[in-house]
1. Considering only residues that are in a helix (DSSP H, G or I) and of a type in the set (S, T, N, Q), look in segment 11-34 and name the one that is surrounded by the fewest Cβ atoms within 10 Å (Cβ to Cβ).
2. Looking at segment 187-224 only, could you name the residues that are part of a helix (DSSP H, G or I), under 11 Å from F168 (Cα atoms) and among the hydroxyl-bearing types (S, T, Y)?
3. Out of segment 169-186, which residues are touching a residue at least 40 places away in the same chain (Cβ under 8 Å) and in a loop (DSSP other than H, G, I, E, B)?
4. List the residue pairs whose Cβ atoms are under 7 Å apart, where the first residue sits in segment 48-63 and is over 14 Å from K91 (Cβ atoms), the second is assigned to a strand (DSSP E or B), and the two are 6 or more positions apart or on different chains.
5. Of all residues in segment 82-106, which are surrounded by fewer than 17 Cβ atoms within 10 Å (Cβ to Cβ) and touching a helix residue (DSSP H, G or I) at 6+ places or on another chain (Cβ under 8 Å)?
6. Could you list, in sequence order, the residues of segment 58-114 that are at pLDDT 90 or above, charged (D, E, K, R) and over 24 Å from the mean Cα position of the chain (by Cα)?
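The values are calculated or read from the model by the stated rules, or taken from the named source; none is laboratory data. Just so you know, these numbers come straight off a predicted model, no measurement behind them. Cβ coordinates were reconstructed from backbone atoms using ideal geometry, including for glycine residues, and neighbour counts include every protein chain displayed.
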Amino acid sequence: MTGWISIDRSIQNHWLFKEKRTFSKFEAWIYLLMEANHSKAKVPIGNQIVTVERGQRLTSILTLSDLFNWSRFKVKTFLDLLESDGMLEVKTTSKYTLITIVNYDFYQSEQGRNQHQNDIKPTSKQHQSNINPTSKQHQTNTNNNDNKDNNEKNVNNEKKKVTAFDFFQDNGFGFITPYNLDDLNYYLDSFENDSDQIVTASLKIAKDRNKVTWGYAKSILNTWLNANLKSIEQVRAFEKQQLESKKQNYKPFVKQSKEKTPKWLTDSTRETKTAEVDENLEKDREAFIKRLNSKWE
């Protein structure tokens, strides 16, 4: 099947699109195509200005996770899949995710495909000049709205991450290097729910055991991942079970006393017994003599 149809972004306001659902991979891909900027824009993120080019989309993993009704891990895996297939490029920072649609113009019009093939038609420029003036305004509004949403989500995301990052730096695990940052983000994205609480829990356990190293905390996290734990409640239940198991298997070692009975105690006992024997013997002797003498009387 060939040919193409034009779908206005306003379709996202339709009640069918707004239906609460879990997106398919195809729906997620179409959404990314529709939401890519069709003109260059500058967007403020915190104290910096990010330039978003045509065909790019400024968003966050958390924003897409909420929209698609996916886990953050699934979103990241999906973007990695599209990137490996040459469909898009992803740049991720601690504050935002910048998605670039590869060959964006190819998806926009027949002229766009011809431009992509270095065979631009004369009507291409006319097509661009005939774009409804409200389209640019829509793009600005869309970008600003998404940026607002992104900032709100990013604030929530930062709040979720701050606990783990701050605990790391405030409790002797050292400074967060680029390597550690990648590591932390990996584990934050690996757990489907309560990821920040789970990472923080691993750091707390490491500290409680006087093993204040990121390597030890990672070994705990890997144990939980291998156990397929997906929430902080499951982690707590798992650790409680491990603790109970250790208690049941614990057998206190009772050291047998090797001390001997003191000599003075045995000597005293022996002397007491000897005295008792001597006393009885004397009584028997006196009785015997008495009986013997009586015979001679």
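1. Just the residues of segment 11-34 that are in a helix (DSSP H, G or I), to begin with: 11-13, 15-18, 25-34.
Adding the requirement that they be of a type in the set (S, T, N, Q) leaves 12-13.
Working: Q12: 13, N13: 9.
Among residues in segment 11-34 that are in a helix (DSSP H, G or I) and of a type in the set (S, T, N, Q), the one surrounded by the fewest Cβ atoms within 10 Å (Cβ to Cβ) is N13.
2. Within segment 187-224, T200, S202 qualify.
3. Step one: list which residues in segment 169-186 are touching a residue at least 40 places away in the same chain (Cβ under 8 Å), which gives 171-174, 181, 185.
Selection gives N171, G172, F173, G174.
4. Every condition considered, the pairs that remain are I49/K42.
5. Step one: of segment 82-106, the residues surrounded by fewer than 17 Cβ atoms within 10 Å (Cβ to Cβ) are 83-87, 89-95, 102-103, 106.
Selection gives M87, E89, V90, T92, S94, K95, N103, F106.
6. Listed by number, the residues that qualify are D85, E89.
Here is a yes/no grid of residues against (1) surrounded by fewer than 10 Cβ atoms within 10 Å (Cβ to Cβ); (2) modelled with pLDDT of 65 or more; (3) not β-branched (V, I, T):
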position: W214; (1), (2), (3): no, yes, yes
position: I232; (1), (2), (3): no, yes, no
position: N249; (1), (2), (3): yes, yes, yes
position: T266; (1), (2), (3): no, no, no
position: N293; (1), (2), (3): yes, no, yes
position: E297; (1), (2), (3): yes, no, yes
